[in-house]
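Asker: Provided herewith is a single structure, encoded as structure tokens, for subsequent inquiry.
The values are calculated or read from the model by the stated rules, or taken from the named source; none is laboratory data. Owing to the predicted nature of the structure, the values given are computational and were not obtained by experimental measurement. No Cβ is skipped: glycine too gets one built from the backbone with ideal geometry, and neighbour counts run over all protein chains shown.
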Amino acid sequence: MNTKELCLGALFLGDASGYEIKQRFETTFSHFQQASFAAIYPALTRLKAEGLVSSRVEVQEKRPDKTVYSLTEAGRQHFIGALHASNGAETFRSDFILLMFFAEHLSAEKLTAVLEQHEETLRRIIDTLTEIRHCGGHSRGQLFTLDYGIAINQASLAFIEQRKAEFTSQEPSS
């Protein structure tokens, strides 16, 4: 899905400012989607121009006013249509996998450091998703995505733990 549709999805969960939408990407959607502030704000502008979201300004004490976006009925229908139109194909991009692809050009020390850092990242993701899951109140779709994220990251961690010693040795194995 494109950033506009992802923003509609974030607003499907409730009204939010651009900052709060970014927070949803970093928490709720963090293990399967990303969007930067640089992409979110132009997307919100286009969504508003298309009548898919509305906005209101909320005055805050001792802070700048914030713009809060709401999904319109047209936006809700557009997002549901985008869900139905999607084939659900996964797009996988990973700097980690790119480094591993060219591992023969890295020193054993660099390779070990990259693998250990990635293991720590995977453990942190697993812990975060598990913590979110235990908070309760999730829909069956949300539980599926949390469990899927936990399973994928656990499998990745187990794979790295099993192969790290062999992979970082000076002699490449077949």
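Asker: Which residues, counting only those in the range 80-94, are in a loop (DSSP other than H, G, I, E, B) and closer than 13 Å to GLU5 by Cβ? Before the answer, list the steps.
Answerer: At the first step, the residues of the range 80-94 found to be in a loop (DSSP other than H, G, I, E, B) are 86-94.
Answer for the range 80-94, where residues must be in a loop (DSSP other than H, G, I, E, B) and closer than 13 Å to GLU5 by Cβ: just SER86.
Asker: Looking only at the range 99-133, which residues are loosely packed, with under 11 Cβ neighbours inside 10 Å, in a helix (DSSP H, G or I), without any contact (Cβ under 8 Å) to a residue 40 or more places away in the chain and over 19 Å from the mean Cα position of the chain (by Cα)?
Answerer: Those that are loosely packed, with under 11 Cβ neighbours inside 10 Å, in a helix (DSSP H, G or I), without any contact (Cβ under 8 Å) to a residue 40 or more places away in the chain and over 19 Å from the mean Cα position of the chain (by Cα): PHE101, HIS105, GLU109.
Asker: Can you tell me which residue in the range 134-149 is farthest from GLY9 (Cα to Cα), limited to those that are part of a helix (DSSP H, G or I) and polar (S, T, N, Q)?
Answerer: Step one: of the range 134-149, the residues part of a helix (DSSP H, G or I) are 134, 140-149.
Those left that are additionally polar (S, T, N, Q): 142, 145.
Values: GLN142: 13, THR145: 14 Å.
Top of the filtered list is THR145.
Asker: Looking at the structure I just gave you, is GLU166 surrounded by fewer than 11 Cβ atoms within 10 Å (Cβ to Cβ) and either in contact with a strand residue (DSSP E or B) (Cβ under 6 Å, 6 or more places away or on another chain) or touching a residue at least 60 places away in the same chain (Cβ under 8 Å) (or both)?
Answerer: Considered against the rule, which asks whether it is surrounded by fewer than 11 Cβ atoms within 10 Å (Cβ to Cβ) and either in contact with a strand residue (DSSP E or B) (Cβ under 6 Å, 6 or more places away or on another chain) or touching a residue at least 60 places away in the same chain (Cβ under 8 Å) (or both), GLU166 comes out as no.
Asker: Is there any pair with a first residue in the range 140-162 that is outside the structural domain of LEU129 (by TED's automatic domain parsing) and modelled with pLDDT under 95 and a second that is loosely packed, with under 12 Cβ neighbours inside 10 Å and of a type outside the set (S, T, N, Q) whose Cβ atoms are under 7 Å apart and which are 6 or more apart or on different chains, and what are they?
Answerer: none
Asker: Can you find a residue in the range 82-98 that is within 26 Å of GLY9 (Cα to Cα) and surrounded by 13 or more Cβ atoms within 10 Å (Cβ to Cβ)?
Answerer: yes
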